[in-house]
Amino acid sequence: MVMAEDRKLLEPFHKTVSGFVLLLVGLLLIAVAFSLVNQGVPFWTAAENCVTADWIGGSSSAVDAIFGTRPGARVSVMPEYCTEDPSAYQRLLGLLTDVPSLILLICGLLVLNRLLRSAARDGVYTEQVAARLRLLGWLLLIGSLVAEIAQAIGRAALLATLTKDVAFSPDTVVSTMTAPYLVMLTGLGLLTFARIMNVGAAMREDLEGTV
């Protein structure tokens, strides 16, 4: 009875996640076929490999005049470096700026899908569900940080191939990073809920043992 109620509660979300996993797999297959036919990068990567160096922006009266600013206002310009004919190395760096987040998304959806399947089959308060919830938490906490660092390295390395004014260095990597605070906090929250699920699973076993 309890598992039937759990299955009913999880069903809408479970179906949504399963459908999204199938959709994502389909899009990836299309991306691979697209890249093979066109001898280029997959369609989830921009056609032009570009990097915006927002930490070296500036402004001038000429720029203000171009964009029609009102008195007392100014326009800040941030250079975006692009290549229209990227080399194989630049294509690889362009992929590195996007693919880690995509891999994290796929792994997260797969773990979440298995978690929901287990919860619908055996009930919510089980050690297996708690273990997979913990795995998802660590994946988001550590994986999001690793993915962002890898993408920042890709952006910094790509930028170094597009301009003489910026060299590839740890400072450039840090400048191109955007810390995934929300995803990391979500991971911490899931780790906390995993501990709560462990307590619930132990209580469930105790109740079943006394009945």
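Read-outs throughout are calculated quantities, based only on the coordinates presented, and are distinct from any laboratory measurement. Note that the structure is a prediction, hence the values are computed from the model and not measured. Note that we place each Cβ from the backbone using ideal geometry, even for glycine, and neighbour counts take in every protein chain shown.
Values for this structure:
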{"quantity": "Among residues of segment 51-98, those that are part of a helix (DSSP H, G or I) and in contact (Cβ under 8 Å) with a residue 12 or more places away in the chain, counted", "calculated": "11"}
{"quantity": "Selection within segment 128-144 - basic (Lys, Arg) and crowded, with 21+ Cβ neighbours inside 10 Å", "calculated": "Arg132"}
{"quantity": "Residue tally, condition in contact with a helix residue (DSSP H, G or I) (Cβ under 7 Å, 6 or more places away or on another chain) and farther than 14 Å from Asp54 by Cβ, over segment 161-177", "calculated": "4"}
{"quantity": "Residue satisfying condition, being at positive phi and more than 16 Å from the chain's Cα centre (by Cα), within set Gly123, Gly189", "calculated": "Gly123"}
{"quantity": "Top-ranked residue of segment 68-85 - restricted to ones that are touching an Asp or Glu at 6+ places or on another chain (Cβ under 8 Å) and not basic (Lys, Arg), ranked as farthest from Ala53 (Cα to Cα)", "calculated": "Ala73"}
{"quantity": "Subset of segment 56-97 [among the charged types (D, E, K, R) and surrounded by 10 or more Cβ atoms within 10 Å (Cβ to Cβ)]", "calculated": "Asp64, Arg74, Glu80, Arg91"}
{"quantity": "Residue within segment 99-122 that is surrounded by 18 or more Cβ atoms within 10 Å (Cβ to Cβ) and not in a helix (DSSP H, G or I) present", "calculated": "no"}
